[in-house]
Amino acid sequence: MIQVAAYPAREPAPETAEIDADTLAACRAGDPEAMTAFVRRYERSVFAFLSRALGHGPHVEDLAQEVFLRALRALARFDAAGSARASTWLLTIASRLVIDERRKRRVPTEPLDEGLAAQTTTTPETEQRRGEVGRALSRAAGELPDDQRDVFLLTEFHGLDASDIASMLSIPKATVKTRLFRAREHLRVLLKGILEET
């Protein structure tokens, strides 16, 4: 069984390098060390997306485990030389599991992690204010409709562009842009009071 570490939803600066072709080939051949390296390289990103989309809890660990099991089973069909990156491919699997999970039952979402506030501060007052803004944004993002929330998360937290998201969610690129626009507008309305205070 693959071990996926339980990480908090907040992830550090995202790693930009994809896993190398040799490691992918070794994964396809069933090399346990390569599979562990594959999981370790992408588990933070997958876990963070699932946590942000579905809220914290043991269900996220189970779903992260399922993402990697499905990915490793399907790795022979993944074209590393193609246009899709392994990170995007894994988030596609994760986003489809999120959709399936939401269909099965209405999952209570939690606010995004409080790490949205800037990490650098100059005074205790500005640190407190940034924390307030981060918590408000977190609560507001939790109120977004699921389709808008997913597009917002994939754009803002995972750095994906509209084309990647459209491919992942099997929707037109224009729909991605519309959902992102609506999400941002929704957040502006919800955060109007707190943003005016800054």
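None of the figures in this text is laboratory data; all of them are computed from the coordinates on show. A quick note: this is a predicted structure, and the numbers were derived from the prediction, not measured. Note: ideal-geometry Cβ built from the backbone for every residue, glycine included; neighbour counts use all protein chains shown.
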Checklist entry - In whole Hz, what ³J(HN,Hα) sequence does the range 53-61 give by Karplus (6.51, -1.76, 1.60; θ = phi - 60°), x for Gly and Pro? => result 7, 10, x, 6, x, x, 4, 5, 4
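Sort His59, His186 so the one with the fewest other Cβ atoms within 10 Å of its own Cβ comes first.
Taking fewest neighbouring Cβ atoms as first place, the list is His59, His186.
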Checklist entry - Tell me, what ³J(HN,Hα) does each residue in the range 21-35 have, in order and in whole Hz, if you take phi through Karplus 6.51 cos²θ - 1.76 cosθ + 1.60 with θ = phi - 60° and put x for Gly and Pro? => result 4, 5, 5, 4, 4, 5, 4, 4, 7, x, 5, x, 5, 5, 5
Item to check | Residues with amide H under 5 Å from that of Ala84, placed H, sequence gap 5 or more | outcome: none
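Going by how many other beta carbons lie within 10 Å of each one, how would you line up Glu18, Glu33, Glu66, Glu43, fewest first?
On the way: Glu18 15, Glu33 10, Glu66 18, Glu43 22.
So the ranking, lowest neighbour count to highest, is Glu33, Glu18, Glu66, Glu43.
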Checklist entry - Relative contact order for the range 122-198 using alpha-carbon pairs under 8 Å, separation at least 6, rounded to a whole percent? => result 37
